[in-house]
Amino acid sequence: CPPLGLETLKITDFQLHASTAKRYGLGAHRGRLNIQAGVNENDFYDGAWCAGRNDPYQWIEVDARRLTKFTGVITQGRNSLWSSNWVTSYRVLVSNDSHAWTAVRNESGDVIFEGNSEKEIPVLNMLPVPLVARYIRINPRSWFEEGSICMRLEILGCPLPDPNNYYHRRNEMTTTDNLDFKHHNYKEMRQLMKTVNKMCPNITRIYNIGKSNQGLKLYAVEISDNPGEHEVGEPEFRYIAGAHGNEVLGRELILLLMQFMCQEYLAGNPRIVHLIEDTRIHLLPSVNPDGYDKAYKAGSELGGWSLGRWTQDGIDINNNFPDLNSLLWESEDQKKSKRKVPNHHIPIPDWYLSENATVAVETRAIIAWMEKIPFVLGGNLQGGELVVAYPYDMVRSMWKTQDYTPTPDDHVFRWLAYSYASTHRLMTDARRRACHTEDFQKEDGTVNGASWHTVAGSINDFSYLHTNCFELSIYVGCDKYPHESELPEEWENNRESLIVFMEQVHRGIKGIVKDVHGKGIPNAVISVEGVNHDIRTGADGDYWRLLNPGEYVVGVKAEGYTAATKTCEVGYDMGATQCDFTISKTNLARIKEIMKKFGKQPISMSIRRLRQRSRQWRQR
């Protein structure tokens, strides 16, 4: 049987009860598998249920609110940086009325189940035979001798059909999409990609961006009406997932998304057809397949909070990118410094490019991919929370660990984050409880990364400062590795958001920068008055600049060309405003071309003046 949903929050706080609690922050509602206490273990948010007394009469119980076939129990100790507490053995009791309890027994009496030997690794105990009841109670019998009674748990059980129970019929989530709702290992993921490509060969292409530490190819699927080529004027979008190998919901959502888009395109869904014809979409479901393999072998409930998070060589990909923030801010703070750093396309430092740098091969592959394709917007799907985080992810002050640190495009990022959160079924629901310790309702399901926790070298900050792409981190669920049975509901929670966020790539301005002969000018700098962050044109001279509705003075400059400006207005309707530029070469650039054509070099003005004066002096 699947989990009842303590970790996913399907089991509400009102369904959890305990004999006693040490304090509110260690109450029964905190006794959920994998719940995190964070750095501040306090009266509201702590890392387990902890009994108020240490004796064999303590208990924690779950009210399933309907008859359920209970089959197993998974337990952990208390999540804490400062203390060690876990239960080493326990009894299991069931009841239909919460008054008369029956213990799980075998031939020799009450079964005493073996608990945990440390606080983080989950331990599964299956019941000798399934038991049908409404309530289940865990009664600790022994605990770590230097600690106290503390535990987190998940209950395995199959709810029995109850057509008369309106509460459950009202809250049951179903989906009408005919998709492959299961967890896919590496081989199955590759096969699913092939199946999608076979179904929709005219709009899909499978390619890889490199290999993992263990040699597994990092496969991506491109969805476009002309797969394999960049079309001038068409923006490029990306979703990636699985940078933390144990956060697998994002991986499955991307696999479901590629199936859905193929099916809806074939069915003639105008919204999806329009999106595919006007956008080049790239879907990379597994950035860290080595880490995923570890989590997959443990299973959805038994990997704990971190098994498979890192690469094979122990690197956190999500924070493994060059720290360009410090280079930019140091340059801005020291205005007289000779080393000027641009506000965009900041070069990668030499030390990072050396072979001895601690950089994962997966990270290098992603950077090469980001530099090769002119992405405009991207989302990296993560797990363990329910929020959309936008840059900057790093605080500017070295004395703080949390501080709102906006980019020059803060209003655009806030809109992008809200576009996903507001269309998600749960992110902006004021009635839902916090996953762990943070309540993001005050920001409508969004958060500035640095105000949450500071991180140097994040993919979001790097993408913004090194490329044209605006990237956000989308945390798609409290449970990093939900049970297979949860996937249809998680798909329904995120489906509309995934599509709406892709559509935002068409918000703002776009255009082509050309010379007087109609040839596109690559690497031209596009600036917006009042926004201290520029972008650059692609190889064909085309560009896209994400902006909120309003009127903007847009400028363009390129080496050897005269600068130009114009006013461009962004409306509220979806679709970027066309804002093209035609610029001519400067006089000096023309002279250089002519002189080069005839094998001569132009003479600089200062040398020319000196020669003229010398001639005049000789003539006297």
Criterion (open to solvent by less than 10 Å² (accessible area, probe 1.4 Å), over 19 Å from LEU416 (Cβ atoms) and touching a residue at least 24 places away in the same chain (Cβ under 8 Å)) met by exactly one of PRO482, PRO488: PRO482
Hits in segment 405-426 (condition: within 27 Å of ASN79 (Cβ to Cβ) and either open to solvent by 60 Å² or more (accessible area, probe 1.4 Å) or at pLDDT 95 or above (or both)): ALA421, HIS424
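Quick check on segment 453-461. Is at least one of its residues assigned to a strand (DSSP E or B), surrounded by 18 or more Cβ atoms within 10 Å (Cβ to Cβ) and at pLDDT 95 or above?
Start the filter on segment 453-461 by keeping residues that are assigned to a strand (DSSP E or B), which leaves none.
The answer is no; no qualifying residue exists.
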Number of the condition not met by PRO285 [criteria: (1) touching a strand residue (DSSP E or B) at 6+ places or on another chain (Cβ under 6 Å); (2) on the phi > 0 side of the Ramachandran plot; (3) of a type outside the set (D, E, K, R)]: (2)
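Just to check your reading of the model, which residue among LEU307, LEU275, LEU253, LEU302 is assigned by the TED database to the domain that holds ASN380, farther than 30 Å from ALA48 by Cα and of a type outside the set (S, T, N, Q)? Break it down stepwise before answering.
Working: LEU307 fails: farther than 30 Å from ALA48 by Cα; LEU253 fails: farther than 30 Å from ALA48 by Cα; LEU302 fails: farther than 30 Å from ALA48 by Cα.
LEU275 is the lone residue from the list that is assigned by the TED database to the domain that holds ASN380, farther than 30 Å from ALA48 by Cα and of a type outside the set (S, T, N, Q).
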Strands (runs of 3 or more DSSP E) within segment 515-598 that include 1 or more residues open to solvent by 50 Å² or more (accessible area, probe 1.4 Å), without any contact (Cβ under 8 Å) to a residue 40 or more places away in the chain and in contact with a Phe, Trp or Tyr (Cβ under 8 Å, 6 or more places away or on another chain): 564-570
Hits in segment 222-265 - residues which are more than 17 Å from the chain's Cα centre (by Cα) and either among the aromatic types (Phe, Trp, Tyr) or over 30 Å from VAL513 (Cα atoms) (or both): MET258, GLN259, PHE260, MET261, CYS262, GLN263, GLU264, TYR265
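Here is a yes/no grid of residues against (1) within 19 Å of GLU229 (Cα to Cα); (2) among the small types (Gly, Ala, Ser); (3) open to solvent by less than 60 Å² (accessible area, probe 1.4 Å):
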| position | (1), (2), (3) |
| --- | --- |
| ASN178 | no, no, no |
| ASN185 | no, no, yes |
| CYS200 | yes, no, yes |
| ILE209 | yes, no, yes |
Count - residues of segment 142-160 that are surrounded by 17 or more Cβ atoms within 10 Å (Cβ to Cβ) and outside any loop (DSSP other than H, G, I, E, B): 10
Residue in segment 326-345 that is open to solvent by less than 20 Å² (accessible area, probe 1.4 Å), assigned to a loop (DSSP other than H, G, I, E, B) and at pLDDT 95 or above present: no
Which listed residue, of ASP323, ASP350, is within 28 Å of TYR464 (Cβ to Cβ) and over 21 Å from the mean Cα position of the chain (by Cα): ASP350
Number of the exception - ASN40 against (1) at pLDDT 95 or above; (2) part of a loop (DSSP other than H, G, I, E, B); (3) open to solvent by 10 Å² or more (accessible area, probe 1.4 Å): (1)
Every residue from segment 46-79 that is open to solvent by 10 Å² or more (accessible area, probe 1.4 Å), in a loop (DSSP other than H, G, I, E, B) and either in contact with a Gly (Cβ under 8 Å, 6 or more places away or on another chain) or of a type in the set (Ser, Thr, Tyr) (or both): TYR57, ARG78, ASN79
Near pairs, Cβ below 7 angstrom, 6+ apart or cross-chain, from segment 431-455 (at positive phi) to any residue that is at pLDDT 85 or above and of a type in the set (A, V, I, L, M): ASP444/ALA421; GLY445/VAL387; GLY445/VAL388; GLY445/ALA421; GLY445/MET427
Restricting segment 80-98 to residues that are part of a loop (DSSP other than H, G, I, E, B) and under 24 Å from ALA133 (Cα atoms), the residue that is most open to solvent (accessible area, probe 1.4 Å): ASN96
Residue within segment 2-10 that is part of a loop (DSSP other than H, G, I, E, B) and of a type in the set (S, T, N, Q) present: yes
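Test GLU252 against the stated conditions and say whether it is of a type in the set (D, E, K, R), open to solvent by less than 10 Å² (accessible area, probe 1.4 Å) and under 20 Å from GLU385 (Cβ atoms).
Details: of a type in the set (D, E, K, R): yes; open to solvent by less than 10 Å² (accessible area, probe 1.4 Å): yes; under 20 Å from GLU385 (Cβ atoms): yes.
Yes.
Among the residues of segment 371-393, write down those that are assigned to a loop (DSSP other than H, G, I, E, B) and under 16 Å from the mean Cα position of the chain (by Cα).
Pass one, segment 371-393, residues assigned to a loop (DSSP other than H, G, I, E, B): 373-374, 383-384, 391-393.
Selection gives GLY383, GLY384, PRO391, TYR392, ASP393.
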Some residue of segment 19-36 being within 31 Å of the chain's Cα centre (by Cα), part of a strand (DSSP E or B) and within 15 Å of ALA434 (Cα to Cα): yes
Residue count, segment 262-311 (criterion: over 18 Å from PRO122 (Cα atoms) and in contact with a Leu (Cβ under 6 Å, 6 or more places away or on another chain)): 2
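The values are calculated or read from the model by the stated rules, or taken from the named source; none is laboratory data. Predicted, not measured: the structure shown is a model, and the values here were computed from it. Backbone-built Cβ (ideal geometry, glycine too); neighbour counts: all protein chains shown. Please note that ligands, DNA and RNA were not included when accessible areas were found on the heavy atoms of the full protein model with its side chains. Shrake-Rupley method; radii C 1.70, N 1.55, O 1.52, S 1.80 Å.
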